[in-house]
Amino acid sequence: MTTYVTRQGDSLYDIAARYLRNPGDWQQLASINHVSVPLRLQPGTTLRVPVALLRQDGLNAEVIAANGPAQHAFRNGPLLPLKVGSRLVEGDRVVTGDNGFATLELADGSHIVLPPDTALDLATLRQTALTGATDRIVDLRRGEVSSEVTHATKKDDRFQIRSPSVVAGVRGTKFRVSYDGDKRSTAVEVLDGAVGVDADTLAQSRRGASTAPAPGTPLAASEQLVAAGHGSLTLAGAPAGAPVALLDAPELLHPSKVQDGDEVDFDIAPLEHARGYRLQIGRDAGLLDMIRDVRSAGTHVPVGALDDGTYFVRIAAIDERGLEGIPAAWAFERRHMALGASAGRIDGSRDFAFRWYVGRGAQNTRFRFVLGTTPDLRAPLVDHTDITTGQAVVSDLPKGVYYWTVIVEQFDNGHYYQKASPTQSFRLDW
């Protein structure tokens, strides 16, 4: 039951037309509130209104990012490409393929992020007239969904993500839900706030036999309450898994490194109890516009080629249960700079020529050439700096094994960049 305070000129007919599913239910309002003259209501009168009679209006979700194969369809309709700016409604389903990503924004600013190989239904997107309470339910068919939910402002606000084995309900938090169809298990990982986890199935929900908490039910009444920094793993048909602590955020080695190679890669400091790592890349600090999602058993993680620009990388460790830990994020610069080098004797002489090229030009480009007799080049025989051309010539080298490298140095838009070619070797047998 909720209440409505009458204003000047109100009638039961007007109130029913504005707020009720069926305007003819004004008679129930009259009976409940003992109103004998429905056309004339005294301003400031408090009327009791059954919530069950209130109209529910549809909400929508806006697509704010979509990369790679990402599609949507209304109910069982044909799948169509998902486009930024599109508005989805209750009954829409969203599917991402291999290396496909999508992010949806709800009317209250909450976000739903879909990584690759995920399918979900927007089962309920509604707002109740008069009370303003929102009801949002997402059915996760496969894969994973990450959510950043704006804190509820109404007692009956509800946000739930349902998988085939659990219902995860929140009132404002950051959390992830992933469903493994092979193991028939659902993982819930909470980064901020708290999540109520109850064992459930989508089939039960459709039959009306769901054990999911109703709107307004306190999270503490859930089967398991999972707090920030904890996760829960639940098998289908089993009780909701007890909360366990998530692994701490791992450290990224060389976070300020400019990614100038043919492919982008990262090195992670090993974390105790981690069986693997997950690395995600996006164009924004919150990784709402995500473009890469890679899992690795090792601490060296290649992610492939990227266009030049500034990106953000987020890394989390995965424990022995498969739960993903607390993430940490860094900004990095991608500036592809190819550097090739070769060497050879000049015919008919005792001169040795070293040549190189750089695939990225800049107004202020200099080269440094280093030649020595040890692989570490700590005691160089030749160390020429401020070279502006693409070659160097060394004469009258004695017999022996030599090692060399060339380093390109560029000043571009107020930034200094440096890249060295791989150390190469050659033998002279004059």
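Just so it is clear, none of the values below were taken in a lab; they were calculated from the coordinates. Bear in mind the structure is a predicted one, so any value in this text is a computation, not a measurement. Methodologically, a virtual Cβ is constructed for each residue, glycine included, from the backbone with ideal geometry; neighbour enumeration extends over all protein chains shown.
Could you pull out every one of the lysines with an alpha carbon less than 20 Å from that of residue 155, ignoring same-chain neighbours closer than 8 positions?
Filter leaves 174.
Convert each backbone phi in segment 245-258 into a coupling constant with the Karplus relation 6.51 cos²θ - 1.76 cosθ + 1.60 (shift: θ = phi - 60°), then list the ³J(HN,Hα) values in order as whole Hz, x for Gly and Pro.
In residue order, the calculated couplings are 5, 7, 5, 5, 5, x, 9, 8, 7, 6, x, 8, 4, 7 Hz.
Compute the Cα gyration tensor for segment 2-53, then decide on rounded, prolate or oblate, letting a ≥ b ≥ c be the square roots of its eigenvalues: rounded whenever a/c is under 1.5, prolate when a/b is larger than b/c in the other cases, and oblate in all that remain.
In terms of gyration-tensor shape, rounded.
From Cα pairs below 8 angstrom and at least 6 apart in sequence, can you work out the relative contact order of segment 2-53, rounded to a whole percent?
That works out to 56 percent.
Just from its helices, what would the mean residue ellipticity at 222 nm be for the chain, if runs of 4 or more DSSP H residues each count -39500 (n - 2.57) and the sum is divided by every residue, rounded to the nearest 500 deg cm²/dmol?
Details: 3 runs with 21 residues, N = 430.
The per-residue figure over the chain is -1000 deg cm²/dmol.
What shape does segment 73-197 take by its C-alpha gyration tensor, where a ≥ b ≥ c are the square roots of the eigenvalues and a/c under 1.5 counts as rounded, a/b above b/c as prolate, and the rest as oblate?
oblate
Give me, ordered by chain and number, the residues 5 or more places off residue 291 or on other chains with an amide H under 5 Å from its own placed amide H.
Amide H neighbours of residue 291: 281, 282, 283.
What residue among 71, 363, 224 shows peak mean-square fluctuation when the chain is described by a Gaussian network model with Cα springs under 10 Å?
Looking only at 71, 363, 224, the biggest GNM fluctuation is shown by 363.
What would the Debye formula give as log10 I(q)/I(0) at q = 0.14, 0.16 Å⁻¹ for the alpha-carbon point model of segment 339-428, no solvent?
-0.50, -0.63
Mind running the shape call on the chain? Use the C-alpha gyration tensor, a ≥ b ≥ c as the square roots of the eigenvalues: rounded below 1.5 for a/c, prolate if a/b tops b/c, oblate otherwise.
prolate
Order these peptides, 164-170, 378-384, 126-132, by their mean beta-carbon neighbour count within 10 angstrom, highest first. Numbers along the way, then the final one.
Details: 164-170: 26.6, 378-384: 12.4, 126-132: 17.0.
Order by mean packing, descending: 164-170, 126-132, 378-384.
Just need the relative contact order of the chain here, percent rounded to a whole number, with Cα pairs under 8 Å and 6+ apart.
8
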